[in-house]
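Structure record follows, encoded as structure tokens.
The values are calculated or read from the model by the stated rules, or taken from the named source; none is laboratory data. All values reported here derive from a predicted model rather than from experimental measurement. Neighbour counts are summed over all protein chains in view; Cβ atoms, including those assigned to glycine, are modelled from backbone coordinates with ideal geometry.
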Amino acid sequence: MAADLLQEAFVRVWRNIDEARRIPVERRRFWMVAIAGSVLVDFARRRAVRAHVTCAVPAAEPIDSAPSPHAVVQGRDELARLDDAIRALPEDLRTALVLSVMEGLSSAEIAATLGVPPGTVRSRISEARSRIARKVGL
């Protein structure tokens, strides 16, 4: 499992090696850590979706409070569409979004980590949200 995550991080770094070359040498380590964090967040999100989808209704709950099969399928579809929309984002947009939403970093902190201006970070986050909203039909 850890080896798979490490491999995925290296693949993402390799795919974006041109971006790494534009980042100052002293900031590249932070850029790679951000990518590794993004891989971890993607893994955790996939795991949470699977757990949510496969969890059973507790036996203590009355039967009539259980979600209908249609609601369960609809919820799975919505989660899958959201997951696909996030995965479809370019790495730079996804990284900025994940660092903001999942890690709770400010745009200034993200900018320092990635070696880009804070305005660029805010723009990337906004663009990521717009693309996700379009993709899931909001």
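Residue-by-condition table, conditions (1) over 26 Å from residue 115 (Cα atoms); (2) in contact with a strand residue (DSSP E or B) (Cβ under 9 Å, 6 or more places away or on another chain); (3) of a type in the set (Lys, Arg); (4) at pLDDT 80 or above:
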position	(1), (2), (3), (4)
54	yes, no, no, no
60	yes, no, no, no
65	yes, no, no, no
72	yes, no, no, no
76	yes, no, yes, no
79	yes, no, no, no
82	yes, no, no, yes
89	no, no, no, yes
92	no, no, no, yes
Which listed residue, of 136, 98, 121, is more than 11 Å from the chain's Cα centre (by Cα) and under 16 Å from residue 38 (Cβ atoms): 121
Residues of the range 20-44 satisfying the condition of being over 19 Å from the mean Cα position of the chain (by Cα) and part of a helix (DSSP H, G or I): 20, 21, 22, 25, 26, 27, 28, 29
Residue list for the range 114-138, filter: of a type outside the set (A, V, I, L, M), part of a helix (DSSP H, G or I) and touching a Lys or Arg at 6+ places or on another chain (Cβ under 8 Å): 135
The range 84-113, residues that are surrounded by 15 or more Cβ atoms within 10 Å (Cβ to Cβ), assigned to a helix (DSSP H, G or I) and not small (Gly, Ala, Ser): 86, 91, 92, 93, 94, 95, 97, 98, 99, 109, 110, 113
